[in-house]
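Notes follow the structure.
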Amino acid sequence: MLNRTNQQGMTFWGLLVISALFIFFAILFFKLLPPYMEYGKVKTALENLKVQPNVGTMEKPDIANSLQRRFDIDDVNNVDLKKDLLVEKKPGTTTIRIKYERRVPIAYNVSALIDFEHSIQVNAR
């Protein structure tokens, strides 16, 4: 009978698999971090727009101009306000929504598609 109490640790192949998984998830994290940081800037711009006076009475081009100025300062380049900005006016409230998607190439022909959406409601005064 063999006594294997002296063997401890991980084999070379086990270490290789764990290392490959760690590297894969590290690359995935660093590829997906910039789109989520940009989404944070978009969300902040919308929240700042909410406290701007008379935003509930503004028309879509005025809202787009105000947001575009904020996006230029914050270096947001992947949002096209002409097609991604939705303004819905109802009696008493206005809903401003930005909905866009971002495709991030991971490796070769593999890419990640991320959908972003954020909306605010303001009172139409």
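Couple of notes before you dig in:
- Low-density loop positions, GluC sites (Glu not before Pro), segment 1-96 - DSSP coil, at most 11 other Cβ in 10 Å: Glu59
- Choice from Ile23, Ile63, Ile96 showing the highest fluctuation, given a GNM over the chain with Cα pairs closer than 10 Å: Ile23
- Simple spin-label estimate for Phe12 and Thr93 gives 6.5 nm between the two label positions (7 Å along the Cα-to-Cβ direction from each Cα).
- For Phe116, nonlocal amide neighbours, meaning residues 5 or more places apart or on other chains whose placed amide H falls under 5 Å from its own, are Tyr100, Glu101, Arg102.
- Residue-wise HN-Hα coupling along segment 92-99, computed from phi with Karplus coefficients 6.51, -1.76, 1.60 (Hz; x: Gly, Pro): x, 9, 10, 9, 10, 10, 10, 10
- The residues neighbouring Lys60, those whose beta-carbon lies less than 13 Å from its own, together hold a net charge of 0 under the Lys/Arg +1, Asp/Glu -1 convention.
- Ranking Thr44, Asn109, Ile27 by Cα position along the charge dipole of the chain, where only Lys, Arg, Asp and Glu carry charges on their C-beta atoms, puts Thr44 farthest toward the positive end.
- Of Met58, Met10, the sequence from fewest to most neighbouring Cβ atoms within 10 angstrom is Met10, Met58.
- Relative contact order for the chain: 23 percent, from Cα pairs under 8 Å spaced at least 6 residues apart, divided by residue count.
- Global form of segment 45-89, assessed from the alpha-carbon gyration tensor, a/c cut-off 1.5: oblate
- The simple Förster model, with R0 at 25 Å and r as the Cβ-Cβ distance, assigns Leu86 and Leu32 a FRET efficiency of 0.50.
- The charge dipole of the chain, taken about its Cα centre with unit charges on the Cβ atoms of Lys, Arg (+1), Asp and Glu (-1) only, comes to about 200 debye.
Where a number appears in this text, it was derived from the coordinates with a stated rule and is not lab data. Bear in mind that the values here come from a model prediction, so they are computed numbers and not experimental data. Here the Cβ is made from the backbone with ideal geometry for all residues, glycine too, and neighbour counts use every protein chain on show.
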